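Comments concern the structure below.
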Amino acid sequence: MRIFNRVNIIWFLFLSLGTVAACLLYVSTFHPQRVPVGVRFPQLSGDTPGYINVGATPLGLIFGSIAFGIFIFAGLLGLRKKIVLWRIGTVQLWLRAHVWLTLLTIPLVILHTGFRLGGPMTTLLVTLYAIVMGSGIYGLTLQHYLPRMMNERLSTETVSEQIPFIRVQLCQAAEKMRIRFAPIEAAKTTGRSMHSFTPAGDPTSTPPPLVTSAPLESGDLHYLGQDWYLDINARYTLWREVTPGAKAPAESYVEVGSINLLNRHAAFSTYQFSTLGYDPAEADIRGRVLYAGFGLRW
């Protein structure tokens with residue numbers, strides 16, 4: 001995901017406004033003497049003094065609850081990627097919300113703690129949170145700069161699992177090129193030999209025909225996508241009952257099957273300029289998959 005583009009400006013403004021609003025509420029609640037005269041904010045300090053435990057005050061609980069809800073939403077991103085048919089926003093929208101909302105938790109968590117680490121438990125939680133956020137920001141930075149660097153420095157890179165397959169393709173292409181150009185080399189050699197034994201000035205002698213190209217044989221070119229895919233599925237119904245008035249019969253079954261049985265790895269593809277090495281819409285990165293399952297339907 002590109003950080004500096006037109007779409008993410010709205011998210012950046014939302015992050016900035018949310019941070020400013022949270023800071024104003026914190027200052028007005030626990031340091032009202034620093035607020036300009038005439039500006040009123042809701043008092044959310046409660047009965048617990050803020051200098052003792054900010055997190056136990058109503059405002060601290062609000063900050064913590066919002067951050068906790070964002071954490072749950074951020075964890076659902078992996079589930080959204082797996083459920084392709086889930087029509088609740090696009091994966092790209094979920095990814096943007098995941099990035100910007102988790103960045104919003106930084107001021108929320110800091111204000112929730114009241115700029116204190118507290119006891120051993122809270123210190124451990126804050127340390128884990130800092131590690132997770134630091135790794136996320138580092139990964140976001142790599143995601144922003146690495147694709148451009150790889151495109152400039154490693155334009156012909158492929159995934160390591162596809163190297164044997166690509167090597168075989170290159171060897172086959174080189175062998176076919178050698179066979180295709182063999183008649184040209186043979187004609188040039190024959191032409192030089194006949195010219196050396198032709199009598200000088202003989203008008204009846206004709207030079208050998210000049211061979212400029214050779215026809216392509218059938219199958220010389222290998223097109224991406226010419227692969228065999230074999231999927232096998234078998235299901236056995238253990239129990240079946242048809243209930244009158246029911247929309248569907250109740251049944252239990254077991255099934256076994258295989259996906260891409262003939263190929264260990266997914267077929268190579270130039271999808272997204274060969275950055276992935278395979279087409280996720282046509283194949284699974286796992287290649288060959290064997291599965292077995294048991295199900296109930298009613």
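Rule-based calculations on the coordinates, nothing more; no lab input. The model shown is predicted, which means the values in this text are computed figures rather than measured ones. Methodologically, a virtual Cβ is constructed for each residue, glycine included, from the backbone with ideal geometry; neighbour enumeration extends over all protein chains shown.
Highest mean packing first, where packing is the average number of other Cβ atoms within 10 Å per residue, the peptides 29-35, 104-110 line up as 104-110, 29-35.
The protection proxy used here, the mean number of other Cβ atoms lying within 10 Å of each residue, ranks peptides 80-87, 159-166, 170-177 as follows, highest first: 159-166, 170-177, 80-87.
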